Amino acid sequence: MRYHAFLIKYAEIGIKGKNRKLFEEALCQQIRLQLKKCEGTFTIDRTSGRIFVNCESEYDYDEVVEHLCRVFGIAGICPTVILPVMPIAELKKAAADFFGQEYPDRAHSFKVQTRRLAKNYPIDSMEINAELGEAILSAYPESRVDVHNPEILFHAEVRERIYLYTHVIPGPGGLPLGSGGKAMLLLSGGIDSPVAGWMVAKRGLKIDATYFNAPPYTSERALQKVIDLASIVARYTGPIYLHNINFTEIQLYIYEKCPHDELTIIMRRYMMRIAEAIAKRTKCDALVTGESIGQVASQTTRALGVTNAAVETLPVFRPLIAFDKEDIITISKKIGTYDTSILPYEDCCTIFVAKHPVTKPLLSVIQDHEGNLREKIDEMFQRALDTDEILIVDENGSRVFKHREDPLTEGM
Amino acid sequence: MEREIYLDNSATTRCFPEVVSLMDRILLEEYGNPSSLHHKGVEAEREIRKAKEILADILKCSPRNLIFTSCGTESDNISLIGGALANQREGKHLITTKIEHPAILETCKYLASQGFEITYLPVDENGLVNPEDVKNAVREDTILVSVMHTNNEIGALEPIEEIGRVIKEKNPKTLFHVDAVQGFGKNVIHPKQMKIDLLSASGHKIHAPKGVGLLYIGDGVKVRNILFGGGQQGGMRSGTENVASIAGMALAAKMLYDHLDEDRDRLYEMKQRFLDRVTRIEGVHANGKTGRDSAPHVISLSIEGVRAEVLLHALEEKNIYVSAGSACSSNRPHISETLLAIGTPKEYLDSTLRFSTSVMNTDEDMDDAAAALEQLLPFLRKYTRQ
């Protein structure tokens with residue numbers, strides 16, 4: 001066992017005033033959940049503004065780091081060795097050995113930074129800095145001290161034991177999951193929406209998701225793809241309740257009654273309405289979409305405004321709103337959804353896409369045309385809600401939580 | 001739920017229950033390794049020998065001409081790669097057609113990358129290769145010609161006998177490989193008489209399980225093995241034989257060939273019955289030949305104004321299972337080589353469905369499928385892209 005513990009650094013939750021304790025607890029809980037998936041026994045130690053993951057048995061270093069990197073709220077992960085409190089002469093040797101192990105090529109500038117919390121240790125932190133620095137320098141003449149811009153910060157913390165660490169592996173940042181409530185993600189099989197879900201989860205929100213399928217225009221494989229995507233996002237967010245809504249009837253009705261160049265935007269307005277209805281039923285406090293300004297005709301500023309106006313009360317979070325496609329792709333590769341997003345079977349809804357959809361819709365005109373749907377839309381809306389099939393998706397797969405009540409096959 | 005109507009038998013078939021019981025017995029009782037010296041081994045070996053005898057009887061060849069593989073694709077790979085490697089001193093030229101299965105076309109691509117020259121022959125509007133074209137393409141250095149027996153997408157029956165004759169007239173050394181994955185079990189195929197040197201077939205297209213294939217290698221035909229190992233099957237195909245599936249494939253073949261004439265008549269009648277009805281629907285066209293000069297079990301329809309994949313899923317909701325000629329998808333369109341080669345108009349490439357039958361289908365299946373089309377098409381055509 002090369003390291004005895006991981007020091008967990010968290011930045012933002014340190015500033016949350018009275019809520020700090022709640023945030024810390026949420027963070028420890030998420031760390032615990034991720035460590036459950038790793039080989040080995042771990043304990044979490046929370047003392048004086050630090051979280052330590054203590055390794056109580058053999059473990060797989062890469063596996064532990066990979067899983068800790070999925071815990072939102074962690075700013076940095078520091079692999080640490082723990083030594084018993086020892087006289088400075090012995091500590092000097094141990095520190096030099098540790099430096100040598102951590103940096104085999106040794107030709108680096110460094111600075112020693114000591115925190116002495118155990119005030120009964122005979123020499124103070126400034127003196128420890130000097131002693132340890134000297135020990136490293138004399139052990140490795142190719143290294144050098146630089147107190148202003150060191151390449152390496154060599155940390156020593158003297159507590160009831162002595163902790164040494166030099167590496168800080170960046171964590172995902174953000175806030176611990178669940179500390180921000182719950183949101184409903186409109187999830188498609190594309191690149192954007194899984195990234196949007198991940199980003200919002202990173203700010204501490206639990207995620208539920210709604211997917212709209214339109215058989216026979218979309219296939220069972222399209223649903224499987226969405227489940228696979230949700231399953232990848234669930235690595236970070238924990239289990240996702242995925243609502244699978246049959247949208248065919250509404251889509252065809254819009255197609256029949258409304259101008260075709262407004263089809264997509266009216267369709268999206270109904271998707272938002274349905275998602276909001278489910279969100280309220282399932283106690284979500286916000287909707288989340290993968291929209292980004294100008295990406296497609298239905299995501300121009302005006303179109304976003306018209307879509308947004310369909311939502312009654314919930315806020316709509318659009319974390320990707322000002323992201324370029326390239327940047328979204330970069331994140332989707334990082335979180336592992338990209339390869340699944342680009343698989344085919346995206347959807348066969350393209351017959352519903354007009355050649356030249358409106359890019360500057362006017363809300364009043366759209367609302368006027370939605371009036372054409374007056375006759376049947378309410379019952380169809382209710383029927384679509386009744387098709388709700390709920391799947392619980394976690395990182396290992398999915399299971400049906402609630403079967404659909406109305407299979408909506410009549411008329412087909 | 002409505003009754004299941006499975007019309008995707010060119011993709012795969014349901015096992016005969018008799019095949020399943022036979023395999024069940026072999027897997028539970030005669031589970032020995034045919035290479036073992038003891039009784040269990042002998043018992044298993046006997047099953048393989050029996051299977052070879054049955055299949056040799058059907059193909060009018062000797063059991064020693066038969067090799068068992070894992071699938072049609074493997075049989076095709078051994079034939080082309082093994083045939084090319086064993087005969088490359090005679091030349092490095094191979095001939096095939098534009099409408100072969102990917103198991104042939106992709107293998108040819110690989111051989112081309114290894115320094116072989118491949119000629120791809122065109123087909124006419126019915127998907128048929130002209131034997132005259134074969135004759136003109138065969139050269140002194142042509143080592144192998146590969147032509148499929150039955151096209152999997154439109155059911156074209158290639159003039160195999162004539163092609164065999166013209167090849168051997170022009171260059172007796174040239175090997176003739178026939179991919180009969182779609183044809184075996186539905187047609188009389190006698191390789192020796194048809195001048196076929198190598199023939200591929202597959203178990204799961206004839207009501208046996210997936211994971212077993214057949215390869216006929218004519219007497220004196222030089223093929224190099226491409227798998228190396230324990231030297232089973234005379235070294236041509238190392239690997240412990242899949243005894244149960246091999247026996248299952250032989251039984252399925254026997255069951256089909258015992259009633260071949262009646263079954264063929266019935267399949268052709270079902271095909272005609274279905275076509276008579278659906279081609280009366282406006283904008284529905286059959287691809288390729290449709291009479292007794294076509295495959296008894298494959299029906300390819302191009303349907304105006306409907307995307308094949310949407311229709312496929314709409315039929316699926318009625319528990320009717322078919323295939324799309326070309327799979328549409330927004331980011332990776334797959335265009336069928338066969339449909340392109342027969343000159344299918346662009347607007348139909350995305351609107352072609354394949355209905356493929358088997359002896360398990362009934363007139364009622366065909367009537368219900370036709371009725372489903374009659375009902376669905378007007379509905380789906382209402383919602384087409386403007």
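The values are calculated or read from the model by the stated rules, or taken from the named source; none is laboratory data. This is a predicted model, so every value here is computed, not measured. Note that each Cβ is placed from the backbone with ideal geometry, even for glycine, and that neighbours are counted across all protein chains shown.
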Checked region A:265-281 for anything over 16 Å from residue A:382 (Cα atoms) and either surrounded by fewer than 23 Cβ atoms within 10 Å (Cβ to Cβ) or not assigned by TED's automatic domain parsing to the domain that holds residue A:376 (or both); matches are A:268
Among the residues that make up region A:304-319, is at least one of them within 14 Å of another protein chain (Cβ to nearest Cβ), buried (at least 17 other Cβ atoms within 10 Å of the Cβ) and out of contact with any strand residue (DSSP E or B) (no Cβ under 6 Å at 6 or more places or on another chain)? no
Please name all residue pairs, on different chains or six or more residues apart, with Cβ atoms under 6 Å, provided the first residue is in region B:97-126 and is in a helix (DSSP H, G or I) and surrounded by fewer than 19 Cβ atoms within 10 Å (Cβ to Cβ) and the second residue is at pLDDT 95 or above and among the hydrophobic types (A, V, I, L, M, F, W, C). B:112/B:118
Which listed residue is modelled with pLDDT under 95, β-branched (Val, Ile, Thr), more than 17 Å from the chain's Cα centre (by Cα) and not assigned by TED's automatic domain parsing to the domain that holds residue A:336, from A:44, A:74: A:44
Do the conditions hold for residue B:163, that is, is it of a type in the set (A, V, I, L, M, F, W, C) and free of Cβ contacts under 8 Å to residues at least 40 places away in the same chain? yes
Residue A:230 being small (Gly, Ala, Ser), out of contact with any Pro (no Cβ under 8 Å at 6 or more places or on another chain) and in a helix (DSSP H, G or I): no
How many residues are within 11 Å of chain A (Cβ to nearest Cβ) and surrounded by 17 or more Cβ atoms within 10 Å (Cβ to Cβ) when one looks only at region B:286-316? 10
Can you spot a residue in region A:255-263 that is within 14 Å of another protein chain (Cβ to nearest Cβ) and either among the aliphatic types (A, V, I, L, M) or under 13 Å from residue A:185 (Cβ atoms) (or both)? yes
Taking residue A:219, is it of a type outside the set (Asp, Glu) and within 14 Å of another protein chain (Cβ to nearest Cβ)? yes
Looking only at region A:123-136, how many residues end up being more than 20 Å from residue A:160 (Cβ to Cβ), of a type outside the set (Gly, Ala, Ser) and under 42 Å from the mean Cα position of the chain (by Cα)? 3
Going residue by residue through region A:344-356, is there one that turns out to be more than 14 Å from chain B (Cβ to nearest Cβ), without any contact (Cβ under 8 Å) to a residue 24 or more places away in the chain, part of a loop (DSSP other than H, G, I, E, B) and farther than 30 Å from residue A:69 by Cα? no
Being over 23 Å from residue B:259 (Cα atoms) and surrounded by fewer than 17 Cβ atoms within 10 Å (Cβ to Cβ) is the requirement here; does residue B:46 meet it? yes
For region A:52-65, indicate whether the set of residues that are part of a loop (DSSP other than H, G, I, E, B), on the phi > 0 side of the Ramachandran plot and modelled with pLDDT under 95 is non-empty. no
Hey, does region A:320-334 have a residue that's assigned to a loop (DSSP other than H, G, I, E, B), under 24 Å from residue A:222 (Cβ atoms) and modelled with pLDDT under 95? no
List the number of the failed condition for residue B:357; all other conditions in (1) surrounded by 15 or more Cβ atoms within 10 Å (Cβ to Cβ); (2) more than 17 Å from residue B:308 (Cβ to Cβ); (3) free of Cβ contacts under 8 Å to residues at least 40 places away in the same chain hold. (3)
Among the residues in region A:209-221, are any under 30 Å from residue A:23 (Cα atoms) and buried (at least 24 other Cβ atoms within 10 Å of the Cβ)? yes
If the requirement is being within 35 Å of the chain's Cα centre (by Cα), over 22 Å from residue A:6 (Cα atoms) and modelled with pLDDT of 90 or more, which of these qualifies: A:120, A:149? A:149
Say whether the condition of being touching a helix residue (DSSP H, G or I) at 6+ places or on another chain (Cβ under 8 Å), of a type in the set (Lys, Arg) and either at negative phi or within 14 Å of another protein chain (Cβ to nearest Cβ) (or both) is met by at least one residue in region A:181-193. no
